[in-house]
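Undergrad: After the structure tokens below, expect a handful of questions from me.
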Amino acid sequence: MNVLGTQTNSVFLKEVQSHKLHQEFIVAVGATVKVGQAVKLDNAGDIVPAATGEVRRNIIGFSIHNATAGETATIGMKAFGLIWARANADSQNAGPVAFKGQSAVVGDEDYGKYGAIDGTGTDLAGWALDAGDEDEQIRIAIY
């Protein structure tokens, strides 16, 4: 983690877009993230470095901190907001999701349901930040 007063390298070359979301995440066990590194979610919703050649839809943003496993890092996300929603299926992992319609649970009709994307990712609506079972409340970062 960067500490106030320590020397760091500049990674922001142009500007920060104020309409983009910045969210804190826990770094997954066995992982380390660096400033400016692209990151993605693991199945539980912790962050890991994106691999070389990672599919674009899996990358949620970039780290603005150095952090090791168990530490918190702030991520400059591609998403612009967070909403509460319902998981579309049992054993749904965190990661890229598509909109699947409105909840049919009585009293929860205002919640959207989000689930697995198709094979191409053209239906990407955002990223589930939490794993969950069908109709459980989860956070969605809207793209």
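Only the coordinates and a few stated rules stand behind these numbers; no lab work does. Note that the structure is predicted; figures quoted are calculated from it, not measured. Don't worry about glycine lacking a Cβ; one is built from the backbone with ideal geometry, like all the others, and counts go over all protein chains shown.
Undergrad: Which length gain, in nm to one decimal place, applies between residue 84 and residue 71 when the Cα-Cα distance is subtracted from 0.36 nm times their residue separation?
TA: 2.2 nm
Undergrad: Could you pull the Cα extents of the chain along its three principal axes, largest to smallest, in whole Å?
TA: Taking max minus min along each principal axis of the Cα atoms, the chain gives 54, 31, 30 Å.
Undergrad: Given Cα pairs under 8 Å that are at least 6 residues apart, what percent is the relative contact order of segment 81-142?
TA: Relative contact order of segment 81-142: 47 percent.
Undergrad: Show which lysines lie in cross-link reach of residue 100 when reach means a straight Cα distance below 28 angstrom and same-chain residues fewer than eight apart are skipped.
TA: Output for residue 100: 20, 40, 78, 113.
Undergrad: Let me ask something additional. Using 7 Å Cα-to-Cβ label points, what is the residue 116/residue 134 separation (nm, one decimal)?
TA: Between residue 116 and residue 134, the simple spin-label model gives 1.4 nm.
Undergrad: For segment 22-77, taking Cα atoms only, what is the radius of gyration to one decimal and the Dmax to the nearest whole Å?
TA: 9.6, 26
Undergrad: Now for a separate question. Distance between the C-alpha centers of segment 84-99 and segment 31-80? Whole Å please.
TA: 19 Å
Undergrad: In terms of modelled amide H atoms, which long-range or inter-chain residues lie less than 5 Å from the amide H of residue 131?
TA: 94
Undergrad: Say each of residue 22 and residue 51 gets a label point 7 Å from the Cα, pointing the same way as Cα to Cβ; how far apart are those two points in nm?
TA: Those two pseudo-labels are separated by 3.1 nm.
Undergrad: Contact order normalised by length for the chain, with contacts defined as Cα pairs under 8 Å and 6 or more residues apart; what percent is it? Mind dumping the intermediate values first?
TA: Numbers: 355 pairs, mean separation 33.0, N = 143.
In percent, rounded to a whole number, it is 23.
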